[in-house]
Amino acid sequence: MSTIKTDVKIQFKNGRKFKVNIESYASAQDVVQDFQNREVRHSNYDMKNESYSKSWDGVNSYNEALELMRLGYQPTVDKLQETLKANKLGTGKRISFENNVHGFAPIVPLALKGVPNSMVNMTMKPIKCKVINVYYDMGINADASSEDIIKAGQKLLGTIIELEKQGYRFNLYAIQAFSGEKDADILCVKVKSSDKPIDLKRISFPLTHPAFFRVIGFDWQGRSPITKYRGDGRGRALTSEIDDSLAKEFAEQAFGDNSVYLSCRSIKRRNEKYIKEVLTNDKSNNR
């Protein structure tokens, strides 16, 4: 059901050392299926016996979180449906038409007048085919509201839809980390493959809803064999230990070449231009 890597060592250029344990899943549903066969290892982390708050967890019950995972988070689907529809219809078209001295069809009135540019010519804009592996860390400290997490995920997803219109292709992973000063336990879930179109129903909950982190992720922390007990709290967000200046080094050593790390915390403080800059490594998309 999952792939586990333990004691993955990260060596930063500044001399700092960090270590991570990573459990990876092919889908969000696989995470929940694993729960059925796992006992709670840390009693303080038993999510089925927790009380929930809509303003912080985003749901009122554990079962509501499972239902959202099954059905998708409709507000995100509605918000991005038009953008995705425009994408499928070819907004930001690769094909354009222009008057030229050569082409596939004459413009009869211009040809009769002897105008040189009397043919319709078609040009096709080349697209970039690079596949980028994006690891989006929706883990964030407790002072972030449910709405903060939703908005950040929607910004990321909207930007990815826009970039795919331009020819970029993404493998997209939703991750969350429970960190200490020198190490972290990471849940990694693949939510989109580069060779598949975006399925908003399937992707909306694990990418944009706080319950995927504060209910499903917390439950994973209590049951996974790779996690350790981090006290009455849950540990810190990874961004408390790995800031933006170390993100590229971290992503490539933890997840492999051509990997990009983006966090909910960073997106919350910035805008879509920042997301594009990180995803495309294009400094012209400056903040």
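The values are calculated or read from the model by the stated rules, or taken from the named source; none is laboratory data. None of these values were measured; they are calculated from a predicted model. Cβ atoms come from the backbone with ideal geometry, glycine included; neighbour counts cover every protein chain shown.
Of the residues making up the stretch 254-265, not a single one is of a type in the set (Gly, Ala, Ser) and over 17 Å from Ile22 (Cβ atoms).
Rundown of residues vs (1) modelled with pLDDT under 90; (2) within 22 Å of Leu172 (Cα to Cα), yes/no style:
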position	(1), (2)
Ser2	no, yes
Lys5	no, yes
Ile10	no, yes
Tyr25	no, yes
Tyr52	no, no
Arg94	yes, no
Val101	yes, no
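Scan the stretch 39-63 for residues that are assigned to a helix (DSSP H, G or I), within 25 Å of the chain's Cα centre (by Cα) and surrounded by 15 or more Cβ atoms within 10 Å (Cβ to Cβ) and the total you get is 2.
So that you can scan it fast, the table gives a plain yes or no per residue for (1) of a type outside the set (D, E, K, R); (2) farther than 18 Å from Val32 by Cα; (3) over 13 Å from the mean Cα position of the chain (by Cα):
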site: Ala177; (1), (2), (3): yes, no, yes
site: Leu200; (1), (2), (3): yes, yes, no
site: Pro206; (1), (2), (3): yes, no, no
site: Tyr229; (1), (2), (3): yes, yes, yes
site: Asp232; (1), (2), (3): no, yes, yes
site: Ser240; (1), (2), (3): yes, yes, yes
site: Ser259; (1), (2), (3): yes, yes, no
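Filtering Ile150, Ile186, Ile127, Ile140 for residues that are at pLDDT 90 or above and part of a loop (DSSP other than H, G, I, E, B) leaves a single hit, Ile140. Going through the stretch 234-249 one residue at a time, which ones are more than 25 Å from Tyr45 (Cβ to Cβ) and either touching a Lys or Arg at 6+ places or on another chain (Cβ under 9 Å) or not hydroxyl-bearing (Ser, Thr, Tyr) (or both)? Result: Asp243, Asp244, Leu246, Ala247, Lys248, Glu249.
Would you mind listing the helices (runs of 4 or more DSSP H) fully within the stretch 197-287 where at least 1 residues are free of Cβ contacts under 8 Å to residues at least 40 places away in the same chain and under 21 Å from Lys155 (Cα atoms)? Passing ranges, in order: 247-255, 264-269, 272-280. So which residues in the stretch 1-38 are surrounded by 11 or more Cβ atoms within 10 Å (Cβ to Cβ), farther than 21 Å from Gly180 by Cα and under 20 Å from the mean Cα position of the chain (by Cα)? If the condition is that a residue be surrounded by 11 or more Cβ atoms within 10 Å (Cβ to Cβ), farther than 21 Å from Gly180 by Cα and under 20 Å from the mean Cα position of the chain (by Cα), then Ser2, Tyr25, Ala26, Ser27, Ala28, Gln29, Asp30, Val31, Val32 are the ones that fit.
Could you please let me know if Ser245 is in contact with a helix residue (DSSP H, G or I) (Cβ under 8 Å, 6 or more places away or on another chain) and either crowded, with 20+ Cβ neighbours inside 10 Å or at pLDDT below 95 (or both)? When the stated conditions are applied, Ser245 does not pass them.
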